[in-house]
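Structure record follows, encoded as structure tokens.
The values are calculated or read from the model by the stated rules, or taken from the named source; none is laboratory data. The structure presented is a predicted model; accordingly, all values stated were derived computationally and were not measured. Heads up, the Cβs are rebuilt from the backbone with ideal geometry, glycines too, and the neighbour counts pull from every protein chain shown. Surface accessibility is based on the protein's heavy atoms, side chains included, excluding ligands, DNA and RNA. Shrake-Rupley method; radii C 1.70, N 1.55, O 1.52, S 1.80 Å.
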Amino acid sequence: MTDYPLREGFVSVDGMHLEYVEAGPSDGPPLLFLHGIGGGIEDWWANLGYFGEQGYRVLAPSSPGHGASDYPRDGWDPGESGKTIMALLDAWGIESAPLIGHSAGGITAMLSALESPERVQGLVLAAPGGLTRKVGWPLRLVTVPFLGEMLWQPRLLSGHRASKTIFADEDLVNRRIMDEWVSRHRDSQQRKAFFTLLREGLTLQGLKHKYDLRGRARGIHCPTLIMWGREDIIVPPPERWEGRLVSWPEAEFMELSPSGHWPQVEQAEVFNREVSGFLERVAVVAES
């Protein structure tokens, strides 16, 4: 999907064998990309090479149960995901880094910043969970046992229907990205992890209170950029005022359009450019 060379690897943390890809110079400033539930490394195909070319040491792990990463028999608590990221940093010999999180990966990034602020230089949150309890019906229905398994089948997800749910304009998206997304959900381990983790975080009423981070977000003091697709129906954009989130006015907020739930894919050029500028500002803050 990307012409930029990606180095594949595995690392063991917390008793789990996790896969990851790496791009860019191995001695460059580190930059972590964190995907959401049901996602994967492929969610960042339009971004990894760009930041590798910018000189960053780009690292994108697969969450437990996703891709070729282990999923423990007794499960994995997403509420502990921030600790898993810190264990990954230790395994890679990284003291601190900016984190880029998409969807539920945004919750992981925020938990990391709350629990280990000295190790998170900055946050980029793409359509993140945790900043609104509103969740679209496509995901809320999947939280219902048995009904979710019937609805979330690759043969029903493929093609135009899934694209219209996730993207605002499917013509902006490489078809192979959608095909790869659907193929992931044919894997039994990934399906198990997807349903377990989704139901851990959501109900028919929306996001569970334990993952509602709006009240805690003001305790995050590192520079933060939040980017949302204006047409996102999976996690609709929350209330905002003059370009700021009502619940987190210190964070920079930007809406992209046309864009659904994957702004880093649909608006990759804008996403990459804006994030690059933000990371330059983060570097200035870190040096001061």
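For ARG57, the amide hydrogen comes within under 5 Å of the amide hydrogens of GLY28, LEU31, counting only partners 5 or more places away or on other chains and with H modelled in the peptide plane.
According to the square roots a ≥ b ≥ c of the eigenvalues of the Cα gyration tensor, what is the shape class of the stretch 242-288, taking rounded for a/c under 1.5, prolate for a/b larger than b/c otherwise, and oblate for the remainder?
oblate
Ratio to report: Rg/Rh of the stretch 24-87, with Cα atoms as the point set and Rh obtained by the Kirkwood method; give two decimals. Ratio of gyration radius to Kirkwood radius for the stretch 24-87: 1.02.
Can you tell me the accessible area per residue over the chain, all protein chains present, probe 1.4 angstrom, in square angstrom?
On the way: 12610 Å² over 288 residues.
Normalised by residue count, the accessible surface of the chain is 44 Å².
Could you work out the relative contact order of the stretch 1-123? I mean the mean sequence separation of Cα pairs under 8 Å and 6+ apart, divided by the number of residues, in percent. Each step should come with its number before you reach the end.
Numbers: 234 pairs, mean separation 34.4, N = 123.
The normalised contact order for the stretch 1-123 reaches 28 percent.
The relative contact order of the stretch 224-288 comes to 33 percent, based on Cα pairs under 8 Å that sit 6 or more residues apart. The relative contact order of the chain comes to 19 percent, based on Cα pairs under 8 Å that sit 6 or more residues apart. Per residue, the convex hull spanned by the Cα atoms of the stretch 48-135 measures out at 123 cubic angstrom. Measuring between alpha carbons in the structure, the pairs from LYS134/LYS208; LYS134/LYS192; LYS134/LYS210 lying more than 19 angstrom apart are LYS134/LYS192. Counting only aspartates and glutamates at least 8 places from LYS83 when in the same chain, those with an alpha carbon closer than 19 Å to its own are ASP14, GLU19, ASP70, ASP74, GLU95, GLU115, GLU118, GLU200, ASP212. Taking volume of the Cα convex hull per residue in Å³ straight from the coordinates, which label in [x] 132; [y] 154; [z] 117 is the correct one? Label [z] holds the value from this structure.
Can you tell me which of 262-272, 28-38, 242-252 comes out highest on packing, and rank the rest after it, using the mean Cβ neighbours within 10 Å? Don't skip to the answer; put the middle values down first.
Values: 262-272: 21.9, 28-38: 24.0, 242-252: 14.9.
Packing proxy ranking, top to bottom: 28-38, 262-272, 242-252.
One Cα centroid belongs to the stretch 22-41, the other to the stretch 47-88; the line between them spans 7 Å. Carbon-plus-sulfur accessible fraction, the chain (probe radius 1.4 Å, protein heavy atoms only): 51%.
Applying 1/(1 + (r/R0)^6) with R0 = 22 Å to the Cβ-Cβ distance of PHE10 and LYS83, what FRET efficiency is obtained, to the nearest 0.05? For R0 = 22 Å, the calculated efficiency reads 0.70.
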